[in-house]
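Here is the structure we will look at, set down as structure tokens.
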Amino acid sequence: MMFWGILLGVLLSFFFFWLFPLFFHGIPWQPTDRKRVQRMLEMSELKAGEVLYDLGCGDGRILLWAVRKFGARAVGIELNPWLYGLALLRVIGAGLSSRVKVRFGNLYHLPLHEADVVTLFLFSHVNERLQEKFHRELKKGARVVSYVWPLPEWKPHMVDTVYNLYLYVKEE
């Protein structure tokens, strides 16, 4: 009986965290490991007091890392209601609600004007679509760090081939 309960739990987790977001044209959750999170924030040269935006923030790990290790403020957006709830619980549990905001919704509708750094681990078609939004909304000098998928029309400022990271700096 215990086996069937565990199997059901695994299948439900797979559905809610991997397949469910696809019904909303989202991205399945694949958590970014700590070494990559650290490297992403180092590459971006995130400074204390700056604002980091994580598009598709998943469980909120990048948000929490940016606040705890770099002294930044952070905003995340998540479309998957389960991951949104998990990220929100992690922020509240860490006592960081005053420095971390987690929004539920579509990343295309989140204004990015106050972002100093944007992190993302999204599919190539989403990155391609975001390029115009970045051009329109990001301030000069804002940094974008993408894991795995580059921004096709932007020239990277730096590429980390070990961790498959791309850093972009908005020039204009």
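The values are calculated or read from the model by the stated rules, or taken from the named source; none is laboratory data. These figures come from a predicted structure and were not determined experimentally. Glycine also receives a Cβ, built like all others from the backbone with ideal geometry; neighbour counts cover every protein chain displayed.
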> Does ASN164 count as touching a residue at least 12 places away in the same chain (Cβ under 8 Å) and either in contact with a helix residue (DSSP H, G or I) (Cβ under 7 Å, 6 or more places away or on another chain) or under 18 Å from ARG36 (Cβ atoms) (or both)?
Replying inline: yes
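Here's a check for you: in the range 70-91, which residue that is surrounded by fewer than 16 Cβ atoms within 10 Å (Cβ to Cβ) and of a type in the set (Gly, Ala, Ser) is modelled with the lowest pLDDT?
Within the range 70-91, the match that is modelled with the lowest pLDDT is GLY85.
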> Under 7 Å by Cβ, and 6 or more places apart or on different chains, what pairs join a residue from the range 92-112 that is crowded, with 17+ Cβ neighbours inside 10 Å with one that is acidic (Asp, Glu)?
Replying inline: VAL102/GLU78; LEU112/GLU137
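From the residues in the range 38-54 that are farther than 19 Å from TYR163 by Cα and not small (Gly, Ala, Ser), which one is farthest from the chain's Cα centre (by Cα)?
Initially, the range 38-54 is screened for residues farther than 19 Å from TYR163 by Cα, giving 47-53.
If we keep only those that are not small (Gly, Ala, Ser) as well, we get 47, 50-53.
Details: LYS47: 18, GLU50: 16, VAL51: 13, LEU52: 9, TYR53: 7 Å.
That would be LYS47.
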>> Restricting to the range 67-116, count the residues that are outside any loop (DSSP other than H, G, I, E, B), of a type in the set (A, V, I, L, M) and out of contact with any Gly (no Cβ under 8 Å at 6 or more places or on another chain).
In response: 6
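Might you let me know whether the range 60-68 holds any residue that is among the β-branched types (Val, Ile, Thr) and closer than 17 Å to TYR166 by Cα? Working first, answer last.
Pass one, the range 60-68, residues among the β-branched types (Val, Ile, Thr): 62, 67.
Still in the list and also closer than 17 Å to TYR166 by Cα: 62.
There is at least one residue in the range 60-68 that is among the β-branched types (Val, Ile, Thr) and closer than 17 Å to TYR166 by Cα.
Name every residue in the range 9-63 that is of a type in the set (Asp, Glu), part of a loop (DSSP other than H, G, I, E, B) and at pLDDT 95 or above, in order of residue number. Write out each step before concluding.
Quick first cut of the range 9-63, residues of a type in the set (Asp, Glu) only: 33, 42, 45, 50, 54, 59.
If we keep only those that are part of a loop (DSSP other than H, G, I, E, B) too, we end up with 33, 45, 50, 59.
Selection gives GLU45, GLU50.
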>> Being among the charged types (D, E, K, R) and under 18 Å from PHE70 (Cβ atoms) is the filter here; which residues of the range 116-172 pass it?
In response: ASP116, ARG143, ASP160
> Mind checking which residues of the range 119-163 are among the polar types (S, T, N, Q) and either part of a helix (DSSP H, G or I) or surrounded by 15 or more Cβ atoms within 10 Å (Cβ to Cβ) (or both)?
Replying inline: THR119, SER124, ASN127, GLN131, SER146
